[in-house]
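The values are calculated or read from the model by the stated rules, or taken from the named source; none is laboratory data. Quick caveat: nothing in here was measured; it's all calculated off a predicted structure. Neighbour counts run over all protein chains shown; Cβ positions are idealised from the backbone, glycine included. Calculation scope for accessible area: heavy atoms of the full protein, side chains included, ligands and nucleic acids excluded. Shrake-Rupley method; radii C 1.70, N 1.55, O 1.52, S 1.80 Å.
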Amino acid sequence: MSDGYTASYKTDTIKNWCMGLGLPYTPLIPARRGFTYAPSYDRFGTGPATEFNVPEAYVAEIPNCSVIGGWGVVFPGDGRALWDVAQCEQADRFCLISTELPHVDRQRIEAGFVSVSETPIPTGILLQSWFASNFHHWLIEHLPRLSLIEQVGVPDGVPILVDSRAMDIPQLVEALAAYNPQGRQIIPLQPGVKYNVGKLYVPSCLFGTGPNLRPGLNVEIGDVTLHREAITWLRERFAPVERPGTRRIYIDRRAKMAPIRLSNGADVQAVFEEFGFETVRPGTMSFAEQRDLFGDASIIAGESGAALTNIVLAPQSTKLIVMQASRWDLNVYGDMAAYGDQECLFVVGDIIRNAFSAFMPYQAAFNMNPDSLRAILADIL
């Protein structure tokens, strides 16, 4: 290390490293071919299907290693950085750098940390990655990994290691408690701090993507992949016993991480309310309140964003309306609905061209024409 806090590491996958040393590595879901679903723009239903390689899901056990708060990279102490994302098929399309990881490519990670925890962690379950404080990533990317831990019988006394920023958000704390019936201890990891762990359990991620696309790239099918089991397990824990919902719900998005994209939100809200939708703001509600609300939904509508993840809390009969700036091939909402045997419809607005939309096209701002939206709702409802 040049200064004691920065070093360069050779990347590897968890599987390759564990298998090479004969360390415990338990495959739980075999690699297979699966289907991901593009948006459905013409009707409620499921969009065109594309086959993709669903990776193997596993739980690995890594002795005497280190982690840096805020990221899912594991440093086993031999000059390696174990991070499946850096080796995935789509890695070259993602921008993976951060303050703690100033350089990442398929072969090398340059990692930095601001301090080292004086208290080693004897054993723990790694449940952190980028955007842990985002409601969508927390539910879809993080919580289902605990189902893998349950399958291999990790002792109840082993704590869960999480990004401390997630524990600052009451809804996420509540969701974790609801998904964690064993009541495991939670150890928050501070961003940029290095922690030494005697024995680390690493459940594989069931949500495949990188933090951000490289500047100027548009979303393609395959940029986001999702294990069907992740949605199945979430619905088993959180969705109601099947009965048709009764409420039409419009989500007024108040973005915390991504920008607010729908520029004429007040006009759009008024149109939905004309059709009997009630306007809600999930960010102001507890997780229990969201379960009760969306568990009685007949239709959920809103701008693309984390709050639409509430479709996994809704009955199978619930339909989803997603508004977005253009015809992106962003499949995650279509997959969440399809894997829950639900139907969705994507509605495209008028994109607002600006510097940000050129930098990150899939986050572009847009307007929805109220008259066009009114006509669409009159037709489908």
For this session: Sort through GLU100, GLU56, GLU51, GLU89 and tell me the only one that's under 22 Å from the mean Cα position of the chain (by Cα) and farther than 24 Å from HIS142 by Cβ.
Result: GLU51
Problem set entry | Extreme residue, most open to solvent (accessible area, probe 1.4 Å), among residues of the range 43-64 that are out of contact with any Phe, Trp or Tyr (no Cβ under 9 Å at 6 or more places or on another chain) and under 19 Å from ILE376 (Cβ atoms) | ARG43
Exercise. For the subset of the range 264-311 comprising residues that are part of a loop (DSSP other than H, G, I, E, B) and within 27 Å of ILE352 (Cα to Cα), which member is most open to solvent (accessible area, probe 1.4 Å)?
Worked result: ARG281
Seminar exercise, completed: Sole miss for ARG327 among (1) within 20 Å of PRO244 (Cα to Cα); (2) open to solvent by 10 Å² or more (accessible area, probe 1.4 Å) is condition (1)
Problem set entry | Residues being open to solvent by 20 Å² or more (accessible area, probe 1.4 Å) and either assigned to a helix (DSSP H, G or I) or closer than 10 Å to LEU206 by Cα (or both) - total across the range 139-157 | 3
Seminar exercise, completed: Counting only residues that are open to solvent by less than 60 Å² (accessible area, probe 1.4 Å), in a loop (DSSP other than H, G, I, E, B) and either more than 14 Å from TRP71 (Cα to Cα) or among the small types (Gly, Ala, Ser) (or both), the range 114-133 contains a total of 4
Exercise. When you scan the range 248-268, how many residues do you find that are more than 18 Å from ILE351 (Cα to Cα) and either at pLDDT 95 or above or among the basic types (Lys, Arg) (or both)?
Worked result: 6
Exercise. (1) among the small types (Gly, Ala, Ser); (2) part of a helix (DSSP H, G or I); (3) closer than 28 Å to ALA7 by Cα: which one isn't true of ALA175, the others all being true?
Worked result: (3)
For this session: With respect to ALA111, determine if the residue is within 18 Å of GLN190 (Cβ to Cβ), modelled with pLDDT under 95, open to solvent by less than 40 Å² (accessible area, probe 1.4 Å) and within 16 Å of the chain's Cα centre (by Cα).
Result: no
